[in-house]
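Chemist: Shown below is the structure under consideration.
Here, each number is a calculation from the coordinates, and none is a lab measurement. Given the structure is predicted, the values throughout are model-derived calculations rather than measurements. We place every Cβ from the backbone using ideal geometry, glycine too, and count neighbours over all the protein chains shown.
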Amino acid sequence: MPDPATYPAEELANIAANAIRGYPAETLGYGPIEGLADLRMLIAQRYSTPSMTLSKSNVLITTSGMQGLDLVGKALLDKGDLVAGQFPTYLGALDAWRPRQPQFRNMDLTSADCDPFAAMNAAKFAYTVPNFSNPTGRLVGAEMRSTLVDAANQTGAWLIEDDPYGSLNYEGPLPPNALEIAMRCGDTGPVVYLGTMSKLISPGLRVGWVIAAPQMIEALTLAKQGSDLCTSGITQRIACEVLKSGIIETRQPTIAAHYRSRRDALCAAMSEHLSDWFEWEVPAGGMFIWAKARDPRINTDRLFEIGLEEKVCISPSSVFDANGDDCTGMRINFTLNAEDRLVEAVRRLARSVERLLKEHT
Ligand SMILES: Cc1ncc(COP(=O)(O)O)c(C=O)c1O
């Protein structure tokens, strides 16, 4: 969850009123399945590079990033198909694809042993969150991003690049997206890029986009028709005006500073209270700290249960494992709560760990 205090309520209220008054047919009626032409053009312009100019035919507007994941599953997966997923994996992606009963193959992109060519062999697609992943907050390095594109080209698997967190960048420039790397050859190649308004503007808008080759956009459009006919015209028009207004760019540094301070407060409290039991890296962006247990007696599924009794909530690592086996880690969010609540949360978590360890004595 973002901090609701960061939602630009006044700006959006004005934009919404003007949008409905100025475009009543477009905002209050049904619209094209692919999304408003204006919004598709704005997204195409935003992601065009010197090597390639994207057009509307490369863009589908979705009812946020989550629908992009769902449509990819609908369009590409049959029972038993293989998905090569960055491990640990975003829970919502697993939820979107599980009903289609695929097999999952884990790719730990931070491990020196990881071979994407082998992992993607015979896969329908690979799934990656290269910028400040959910749940780990880590960045996939520039070299690995190129390797993923090469492996997708060689194996024939699509490469799903899910990027909700790239704009929540607290430290410095990011490596190029896989989309940009693929576009250096003049087209989007195997990359299916998913973007969203959720993290920097408001998740309530439910506006996202897919950028891909025109034939993939056509397949996803067909899948979208059976899902919701079209994304809300009101929020699409608001998204157009938001993109034109420049408020994303002007607000980014303030939001980054706000979340950086929360991240630092959480990490400082964790160093004081949890470092005997857990280790973690300080992420350069995103919303999460990913902590791994040092002590084998710590099972984070059990810690989650005790934590709820102490009124603190972690996400246990098992939910980010397609097989549900990993009970050695936890994801902690630092964007929703203010610094003082984060410090109190860590104290409660430390109490929960003590209680858990007592169960072993
Ligand atoms: C990795 C990832 N992908 C997609 C989403 C979906 O976000 P939305 O549907 O709000 O765009 C989320 C939400 O937290 C996420 O963490």
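Chemist: For the chain, find the longest principal axis of its Cα atoms and tell me its angle to the long axis of helix 233-245, 0 to 90°, nearest 10.
Modeler: On a 0 to 90 degree scale, this one is about 80.
Chemist: If you don't mind, there's one more thing I want to ask. Strictly over 30 Å apart at the Cα level, which of LYS224/LYS311; LYS74/LYS292; LYS79/LYS224; LYS56/LYS79 would you flag in this model? Could you put the intermediate results ahead of the total?
Modeler: Numbers: LYS224/LYS311 40 Å; LYS74/LYS292 34 Å; LYS79/LYS224 20 Å; LYS56/LYS79 32 Å.
Those over the limit are LYS224/LYS311; LYS74/LYS292; LYS56/LYS79.
Chemist: Starting from the Cα gyration tensor of the range 170-230, take the square roots of the eigenvalues, sort them a ≥ b ≥ c, and report rounded, prolate or oblate (rounded when a/c is under 1.5, otherwise prolate if a/b is larger than b/c, else oblate). Spell out each step's value before the answer.
Modeler: Details: a/c = 4.39, a/b = 1.13, b/c = 3.89.
Oblate shape, in that a/c is at least 1.5 and b/c is the bigger or equal ratio.
Chemist: First check a/c for the range 136-294, with a ≥ b ≥ c the square roots of the eigenvalues of its C-alpha gyration tensor; if it is under 1.5, answer rounded, and if not, answer prolate when a/b is larger than b/c or oblate otherwise.
Modeler: Details: a/c = 2.08, a/b = 1.37, b/c = 1.52.
Note, shape of the range 136-294 comes out oblate.
Chemist: One quarter of the convex hull surface, Cα atoms only: what value does that give for the range 4-245 in nm²?
Modeler: Numbers: hull surface 51.5 nm².
For the range 4-245, averaging the hull's shadow over all directions gives 12.9 nm².
Chemist: Testing the spin-label approximation: label points 7 Å from Cα along Cα→Cβ at CYS185 and ALA37. State their distance in nm.
Modeler: That separation, rounded to one decimal, is 3.3 nm.
Chemist: Same structure again: Expressed in nm to one decimal, what extension gain is obtained for the pair ASP295 and ALA268 from 0.36 nm per residue of sequence separation less their Cα-Cα distance? Each step should come with its number before you reach the end.
Modeler: On the way: separation 27, 0.36 × 27 = 9.72 nm, distance 2.04 nm.
Contour length minus the Cα-Cα distance gives 7.7 nm.
Chemist: Now, a different point. Return the distance in nm (one decimal) between the two label points of a simple spin-label model at GLU310 and ASP276, each offset 7 Å from Cα along Cα→Cβ.
Modeler: 1.3 nm
Chemist: When a/c reaches 1.5 or more, the comparison of a/b and b/c decides; with that in mind, is the range 46-143 rounded, prolate or oblate per its Cα gyration tensor? Before the final figure, lay out the partial values.
Modeler: Numbers: a/c = 1.59, a/b = 1.13, b/c = 1.41.
Here the range 46-143 falls in the oblate category.
Chemist: Could you tell me what fraction of 2.2 N^0.38 Å the Cα radius of gyration of the range 233-361 comes to, as a two-decimal ratio?
Modeler: Details: Rg = 17.8 Å, N = 129, 2.2 N^0.38 = 13.9 Å.
Against the compact-globule rule of thumb, the ratio is 1.27.
Chemist: Could you work out how far helix 339-358 tilts from the main Cα principal axis of the chain, as a 0 to 90 degree angle to the nearest 10?
Modeler: 50 degrees
Chemist: Next question, about the same structure. Using the basic label-point model (7 angstrom from Cα toward the beta carbon), what is the GLN103 to ASN323 distance in nanometres?
Modeler: 1.3 nm
Chemist: Please check the chain for the longest run free of GluC sites (Glu not before Pro) that are loop-located per DSSP (anything but H, G, I, E, B) and have at most 14 other Cβ atoms within 10 Å. Each step should come with its number before you reach the end.
Modeler: Details: sites that count: GLU171, GLU281, GLU359.
With GluC sites (Glu not before Pro) excluded where exposed in loops, the chain gives 1-170 as its longest stretch.
Chemist: Here is a follow-up. Relative to the longest principal Cα axis of the chain, at what angle does helix 247-273 sit, 0 to 90 degrees, rounded to 10?
Modeler: Computed tilt is about 10 degrees.
Chemist: Given 0.36 nm per residue, what is the gain on full extension from THR53 to ARG341 after removing their alpha carbon distance, in nm?
Modeler: Taking THR53 through ARG341 to full extension adds about 99.1 nm, to one decimal.
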